[in-house]
Amino acid sequence: MKNSQLSIDQALRKLKGKELSVTELTENCLKIIKKNDHQINAFITVCDDHALTRARSLDRQIQKTKDVGQLFKKHPLLGIPIALKDNFCTKGIKTTAASKVLADYVPAYDATVTSRLLKAGAIIIGKTNLDAWAHGASGENSDFGPTKNPWNLKMVAGGSSSGSAAAVVSGMALAATGSDTGGSIRMPANFCGLVGLKPTFGRVSRYGVIAMASSFDSIGHLTKDALDSAQMLQVMAGNDQNDSTTPSKKVPSYRSFFGQDVRGLKLGIPREFFDQEIDPRVKSVIKKSLSDLEKLGLKLVDLSLPHSVYAVATYYILVPSEVSSNLERFDGIRYGFDRRRFSDEAKRRIMLGTYALSAGYYEAYYEKAMRVRNMIKKDVEKAFEKVDLIFAPVSPTLPFEIGKKVNDPLAMYLMDIYTCLANLAGIPSLAFPTGFAEGLPVGVQLMGPQFEEEKLFQVVGAYQQQTDWHSKRPDL
Amino acid sequence: MTKLKLTKDEVTHVAKLAQLELTAAEIQKFQKQLSQILDYIDQLKGLKTEGVKPISQTTGLENVFRLDEVQPSLSFEQALSGAKKQKNNYFKVQSVFKKSK
């Protein structure tokens with residue numbers, strides 16, 4: 001197996017055992033990027049010199065250290081090449097949000113997540129492509145060209161964390177960060193056959209991540225399996241002085257939940273979701289996933305989330321409103337270029353939001369949507385009195401052809417039909433692969449109560465012990 | 001042809017509020033697209049929401065304070081590092097008081 005196809009857990013064991021050097025691992029990732037990225041377009045910036053310099057320095061440190069075990073305990077991601085979505089600020093490294101507005105922006109500071117990953121010993125291998133400003137579900141809204149799906153280069157990789165997904169599944173990085181405002185980690189994870197975690201809103205600091213919708217943005221990551229996902233969350237999660245929406249809630253030891261008994265856990269199946277139109281090929285994989293989860297001992301429980309049918313409409317009032325406010329700062333004065341460089345989707349969302357917030361429309365749109373959000377949140381809270389987890393598909397379609405939906409903004413918005421619920425309610429969700437159709441990955445998501453990510457890991461960890469969808473890789 | 005929800009004037013007005021310059025072709029394109037989206041969003045009109053408290057976030061947190069003490073922050077150089085126009089450690093902006101053409 002190629003070194004860069006190792007999971008974080010496997011790579012750490014090899015690095016600790018000195019079977020593999022950090023430099024070899026990093027070089028492996030860079031080699032794959034050099035060979036394939038001109039086709040896939042996962043990266044906006046590749047940090048080759050930076051990464052190799054750091055790799056060599058980490059190797060020297062490992063060689064010098066007597067207690068290697070202690071060193072890896074102190075730096076739990078030591079030597080692991082990780083890609084950062086290009087809306088994460090990295091000090092001294094260009095950060096563009098995939099928009100021409102920030103084409104030359106070099107932040108003077110690191111996002112909190114960036115510094116936590118670096119402190120944990122990770123290597124930043126590069127900055128990945130995304131839908132500009134994280135506006136999108138396919139990756140096609142990038143100002144630097146769409147990222148192709150490594151499983152089939154004619155298809156979209158999913159968005160908005162498109163480059164992050166493509167990078168991890170093709171071996172260009174062992175993990176990648178993402179942001180999920182309405183599904184932007186889960187959709188690309190789903191389309192590329194990866195595990196994607198959208199943590200509870202506030203579990204991970206948003207400081208230094210270019211803001212899209214400040215009451216929805218959830219900072220997370222994409223990995224090959226649930227164990228890696230838990231490793232990443234362990235490093236990234238926790239209260240941050242610079243983000244006052246991160247509670248002081250303790251971060252549990254996520255790894256300790258793997259292997260714990262899942263029998264008897266109640267899995268809610270929202271009937272409104274299954275009333276929606278879904279590609280029959282996707283539907284049949286999802287049906288099988290449900291029966292596989294049942295085989296693990298989970299109890300399937302019928303559930304109603306009556307206001308979930310309004311989720312997309314509510315989302316597309318609240319999010320563009322918050323977007324219109326967050327993108328006001330891009331005027332070319334303190335950084336970047338002026339607003340004439342915004343592309344179509346950004347302009348659409350800014351205008352939708354400005355309209356919904358304007359005098360005469362505020363009550364009918366924004367305030368109304370805030371009430372519906374509360375009703376949706378209450379539905380979800382009521383559901384968790386009955387069940388431990390909520391099951392849902394991630395996408396109503398298979399990964400589709402590049403260009404197919406790009407001229408129909410509303411059709412693209414409707415891709416969020418299963419994913420935006422978690423963002424409206426502020427709950428965590430873990431997307432994971434459960435099969436294939438037409439050679440393309442299909443997956444599902446499990447949602448849990450706020451700050452109970454460990455439950456998600458427990459179940460998906462158990463699922464991944466009995467199945468091997470998560471170990472499939474595309475032929476590149 | 002069904003009447004579009006937004007008029008061209010409304011699109012122009014909203015663009016102006018948002019400091020966006022649009023071409024005539026863009027105004028027409030966005031008028032159609034935004035109207036379509038607003039039509040979809042209209043389904044919320046029929047939902048009864050009286051008495052439901054509007055929420056603006058999901059954490060339940062309120063008034064997260066810190067001590068009013070000076071903390072280390074960016075230097076002038078760092079803070080100005082992205083500005084294309086600067087003078088004497090200030091960001092240079094367009095004139096607000098002079099009449100524009």
Compute the Rg to Rh ratio over the range A:55-147 from the alpha carbon atoms, using the Kirkwood formula for Rh, and round to two decimal places. 1.10
Nearest-5 percent of antiparallel DSSP beta bridges in the range A:45-137? 40
Rh (Kirkwood; distinct C-alpha pairs) - the range A:7-76, Å: 13.3
Taking a probe of 1.4 Å, how large is the accessible area per residue of the range A:325-476, in Å²? 35
Are there residues in the range B:51-67 whose accessible area shrinks by at least 40 Å² when all protein chains are included rather than the chain by itself, and which are they (probe 1.4 Å, ligands and nucleic acids not counted)? B:VAL52, B:PRO54, B:ILE55, B:SER56, B:THR58, B:THR59, B:LEU61
With N denoting the number of residues in the range A:139-216, provide Rg(C-alpha) divided by 2.2 N^0.38 Å, to two decimal places. 1.07
Compute for chains A and B the buried accessible surface, both sides summed, probe 1.4 Å, and express it in Å² to the nearest 100. 4600
So B:GLU50 and B:LEU17, fully extended at 0.36 nm per residue minus their Cα-Cα distance, gain in nm 8.9 nm
So what's Rg/Rh here for the range A:386-476, counting alpha carbon atoms and using the Kirkwood radius for Rh? 1.01
As straight-line cross-link partners of A:LYS14, the qualifying lysines (C-alpha separation under 20 Å, not fewer than 8 residues apart within one chain) are A:LYS2, A:LYS31, A:LYS64, A:LYS66, A:LYS73, A:LYS74, A:LYS224
Among B:LEU67, B:ILE55, B:LEU80, whose Cα projects farthest towards the positive end of the dipole of chain B, with charges put on the beta-carbon of Lys, Arg (+1) and Asp, Glu (-1)? B:LEU80
Please grab the % of Cα pairs in the range B:12-101 that end up more than 22 Å from each other. 69
If the limit is 26 Å between Cα atoms, which of A:LYS249/A:LYS378; A:LYS288/B:LYS48; A:LYS368/B:LYS32; A:LYS35/A:LYS154; A:LYS249/A:LYS472 go over it? A:LYS288/B:LYS48; A:LYS249/A:LYS472
With -39,500 (n - 2.57) per DSSP H segment of 4 or more residues and division by the full residue count of the protein assembly as shown, the 222 nm estimate, nearest 500 deg cm²/dmol, is -11000 deg cm²/dmol
Distance between Cα centroids, the range A:26-51 to the range B:77-94: provide it in whole Å. 34
Calculate the dipole size of the range A:323-407 relative to its Cα centre from +1 charges on Lys and Arg beta carbons and -1 charges on Asp and Glu beta carbons; express the result in debye to the nearest 20. 180
Of every hundred units of 1.4 Å-probe accessible area on the range A:397-476, the number belonging to carbon and sulfur atoms, as a percent, is 43
Ranked by GNM mean-square fluctuation in chain B (Cα springs under 10 Å), the top entry among B:ALA24, B:ALA15, B:ALA79 is B:ALA79
Could you give the distance between the Cα centres of the range A:267-292 and the range B:1-62, to the whole Å? 32
Largest to smallest principal axis extent of the C-alpha atoms in the range A:179-329, angstrom: 49, 38, 28
How about B:LYS84: which aspartates and glutamates have a C-alpha closer than 19 Å to its C-alpha, ignoring those fewer than 8 places off in the same chain? A:ASP104, A:GLU328, A:ASP331, A:ASP338
Please report the antiparallel percentage of DSSP beta bridges with both residues in chain A, rounded to the nearest 5. 70
Given Cα pairs under 8 Å that are at least 6 residues apart, what percent is the relative contact order of the range A:105-192? 24
State the Cα centre-to-centre distance between the range A:127-189 and the range A:313-365 in whole Å. 23
Hey, could you pull the Cα Rg and Dmax for chain A, both in Å? 20.7, 69
Nearest-20 debye value, chain A charge dipole, Cβ charges on Lys, Arg, Asp, Glu: 1060
Ranked packing of A:345-354, A:39-48, most packed first, by mean Cβ within 10 Å: A:345-354, A:39-48
Per residue, how much accessible area does chain B have with a 1.4 Å probe, in Å²? 84
Where the accessible area of chain B is counted over protein heavy atoms with a 1.4 Å probe, how much of it, in %, is carbon and sulfur? 54
Shielding by partners for A:238-250, please: the mean number of other protein chain Cβ atoms within 10 Å of each residue's Cβ. 2
Within the range A:1-97, what whole-number % of the accessible surface is contributed by carbon and sulfur, with the 1.4 Å probe and all protein chains included in the calculation? 47
Relative contact order for chain A: what is it in percent, counting Cα pairs under 8 Å that are at least 6 residues apart? 17
Net charge, A:GLN276 excluded, C-beta distance under 14 Å - Lys, Arg +1, Asp, Glu -1: -3
With only Lys, Arg, Asp and Glu charged, each at its Cβ (+1 for the first two, -1 for the last two), find how big the charge dipole of the range A:369-476 is about the Cα centre; round to the nearest 20 debye. 340
Any idea of the accessible area per residue across the range A:51-132, 1.4 Å probe, to the nearest Å²? 36
Expressed as a whole-number percentage, the relative contact order of the range A:1-144 with C-alpha contacts under 8 angstrom and at least six residues apart is 26
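The values are calculated or read from the model by the stated rules, or taken from the named source; none is laboratory data. Bear in mind that the values here come from a model prediction, so they are computed numbers and not experimental data. Reconstructed Cβ throughout: ideal geometry from the backbone, glycine too, with neighbour counts over all protein chains shown. We work out accessible area using only protein heavy atoms, side chains counted, and drop any ligands, DNA or RNA first. Shrake-Rupley method; radii C 1.70, N 1.55, O 1.52, S 1.80 Å.
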